[in-house]
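Encoded as structure tokens, the structure appears first; notes follow it.
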């Protein structure tokens, strides 16, 4: 790299993380003199995509110790890490932190929160957050249906599925499969 500046450092870092080269990304990250929010988010996102949620959370904790504040993209990565861990206590903590930090509650953040709470079996919280999404598409519906179905709430999963099917939303075969799977133990299929 002939000229090293924040753009070249960040471009290389994002490339490493997107390709799952997290060891190389860590070495590069440590060498970056000026760590921007994009750098921190790239590391957290890379760890989440590599199935290493604890490492993503470690970078979030380190970032909190700096003057860098999380935005919606960073928070989505952290929320995804917590969804992989499935810990309700951390799910409640990050929801409160996002509110306190004033993170934009856009559709991506809200969908990530729905997914995380559903995976943590915080079904009521997932449903409340789902209702806050102004224009739901297939992604929030998928997050809620999958969470409901995987935690034994088959009837509710079917109700949400049919709510989506009757409305303007598009259903996916994936969602229907989850609904069918959750109903098998009840002998209703």
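What follows draws every value from the coordinates through simple rules; no lab data is involved. Here the structure is a predicted model, which means the values were calculated and not measured. No Cβ is skipped: glycine too gets one built from the backbone with ideal geometry, and neighbour counts run over all protein chains shown.
If packing is taken as the average count of other Cβ atoms within 10 Å, what order do 49-60, 99-110 fall into, highest mean first?
On the way: 49-60: 17.9, 99-110: 15.2.
Per-residue mean Cβ counts within 10 Å order the peptides as 49-60, 99-110.
Quote the relative contact order of segment 1-108 in percent (integer), defining contacts as alpha-carbon pairs under 8 Å separated by 6+ residues.
Values: 103 pairs, mean separation 23.3, N = 108.
Relative contact order here is 22 percent.
Note on the chain: with a GNM built from Cα contacts shorter than 10 Å, the maximum mean-square fluctuation among 66, 76, 96 falls on 66. Could you give the angle, 0 to 90 degrees to the nearest 10, between helix 138-150's Cα long axis and the longest principal axis of the Cα atoms of the chain? In the chain, helix 138-150 runs at an angle near 70 degrees to the longest axis. Starting from the Cα gyration tensor of segment 36-97, take the square roots of the eigenvalues, sort them a ≥ b ≥ c, and report rounded, prolate or oblate (rounded when a/c is under 1.5, otherwise prolate if a/b is larger than b/c, else oblate). Judged from the Cα gyration tensor, segment 36-97 comes out oblate (a/c at least 1.5, b/c at or above a/b).
With the highest mean first, a sort of the peptides 25-37, 118-130 on other beta-carbon atoms found within 10 angstrom per residue produces 118-130, 25-37.
Where the alpha-carbon atoms of segment 1-108 are placed on the principal axes, they occupy 46, 26, 25 Å, in descending order.
Just to verify a number: FRET efficiency for residue 138 and residue 100, C-beta to C-beta distance, R0 = 35 Å, to 0.05? In this case the efficiency is close to 0.70. Considering only alpha-carbon pairs that sit under 8 angstrom and 6 or more positions apart, the relative contact order computed for the chain is 13 percent.
Here each label is just a point 7 Å from Cα along the line to Cβ, and for residue 52 and residue 64 those points are 2.1 nm apart. Once the Kirkwood radius over Cα pairs is known for the chain, the Stokes-Einstein relation at 4 °C and 1.567 mPa s delivers a diffusion coefficient of 73 µm²/s. Overall shape of segment 103-169 was characterised from the C-alpha gyration tensor. The equivalent ellipsoid obtained from it has semi-axes of 17, 15, 8 Å, in decreasing order.
To the nearest 10 degrees, how steeply does helix 107-119 sit against the main Cα axis of the chain, on a 0 to 90 scale? Rounded to the nearest ten degrees, it is 60. With respect to the chain, whose longest principal axis is taken over its alpha-carbon atoms, helix 22-31 is tilted by about 40°.
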